[in-house]
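Undergrad: Please see the structure below; I have some questions.
Read-outs: derived from the displayed coordinates by stated rules, not from any lab. Treat the numbers as computed from the prediction; the structure is a model and nothing was measured. Cβ atoms come from the backbone with ideal geometry, glycine included; neighbour counts cover every protein chain shown.
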Amino acid sequence: MCCNRLECFEHRFQLPNYKITQLLNPMSRFAEPMSRLIDELKKLPGVGAKSAQRLAFHILRSSDEDAEALAAAVRDVKANLRLCSVCNNITDVDPCVYCTSPTRNQRLVCVVEEPTNIAAIEKTKHFNGVFHVLHGAISPLHGIGPEQLRIGNLVSRVESGDVEEVILATNPTVEGEATAVYLSQQLKRAGVKVTRIAMGIPVGSDIEYTDEITMLKAMEGRRDM
Ligand code: ZN
């Protein structure tokens with residue numbers, strides 16, 4: 001090394017495109033393919049620099065077959081999955097298994113914000129209808145209006161007269177509530193029954209520790225016994 005200046009590091013490693021901050025980053029100590037894998041893993045939600053490093057080393061230590069299976073699964077997800085043309089669920093066959101199921105009630109549609117919400121409802125094993133995925137919720141703060149959501153095919157589904165009831169299962173957040181209110185206004189015009197999932201106190205919890213808004217929602221959503 002000719003001197004202690006960072007520029008000399010840059011010169012020495014022949015990385016003219018690297019910014020000094022990247023040289024100071026401990027990640028740059030890794031071989032280029034490893035740095036690249038860590039950088040890609042860091043883009044995943046909930047994965048920070050340390051976790052990305054741990055995952056990358058796990059992949060490095062795993063067998064060739066396991067690493068190839070992971071790479072193939074990532075490729076397949078992008079190549080073979082698409083949105084169902086009826087309900088917008090993520091699927092490998094169009095229409096999806098829910099929309100073509102002869103044992104499910106095709107006249108009962110549950111509207112959710114994200115495809116992952118379907119799994120939460122399916123876990124109850126008590127819903128036998130079908131779904132509609134909006135892929136988001138109305139959020140003026142983030143510049144998301146109804147036109148950014150997949151609402152069009154829900155409205156046409158209802159207008160075709162094939163739907164008896166629409167259950168609005170958007171999240172109990174400001175955005176989810178705004179979306180539910182908007183959808184109920186749009187869908188009631190078509191003369192369909194529109195319901196909203198109940199909100200309230202989690203099972204197994206204590207009323208004493210319930211916040212006032214949840215308590216209010218629970219009181220509003222009470223039912224006859
Ligand atoms: Zn579908």
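Undergrad: Using 0.36 nm per residue, how much length does the chain from GLU65 to VAL181 gain when fully extended, once their Cα-Cα distance is taken away?
TA: Net length gain for the segment: 36.8 nm.
Undergrad: Work out from phi, with θ = phi - 60° and the Karplus expression 6.51 cos²θ - 1.76 cosθ + 1.60, the ³J(HN,Hα) of each residue of region 82-94, listed in order in whole Hz, and give x for Gly and Pro.
TA: 8, 9, 5, 6, 8, 10, 6, 6, 6, 8, 9, 10, 10
Undergrad: Just how large is the dipole of the chain about the Cα centre, in debye to the nearest 20, putting +1 at every Lys and Arg Cβ and -1 at every Asp and Glu Cβ? Present the calculation step by step, with values, prior to reporting the outcome.
TA: Numbers: 26 positive and 28 negative charges, 61 e Å.
In debye, rounded to 20, the chain gives about 300.
Undergrad: In addition: Would you please name the trypsin sites (Lys or Arg not before Pro) within region 84-144 that are DSSP coil residues with at most 10 other C-beta atoms within 10 Å of their C-beta?
TA: Within region 84-144, the qualifying trypsin sites (Lys or Arg not before Pro) (loop, at most 10 other Cβ atoms within 10 Å) are LYS123, LYS125.
Undergrad: Using +1 at the Cβ of each Lys and Arg and -1 at the Cβ of each Asp and Glu in the chain, identify which of SER85, THR116, HIS58 lies farthest towards the dipole's positive end.
TA: Farthest towards the positive end: HIS58.
Undergrad: Check ILE144: other-chain or 5+ apart residues with amide H under 5 Å from its amide H, H built from backbone geometry?
TA: SER139
Undergrad: Report relative contact order for the chain in percent, whole number only (criteria: Cα-Cα under 8 Å, sequence separation at least 6).
TA: On the way: 238 pairs, mean separation 25.4, N = 225.
Contact order relative to length: 11 percent.
Undergrad: Before anything else, pin down the relative contact order of region 76-116: Cα pairs under 8 Å, at least 6 apart, normalised by residue count, whole percent. Provide the component values of the computation, followed by the final result.
TA: Values: 28 pairs, mean separation 10.2, N = 41.
25 percent.
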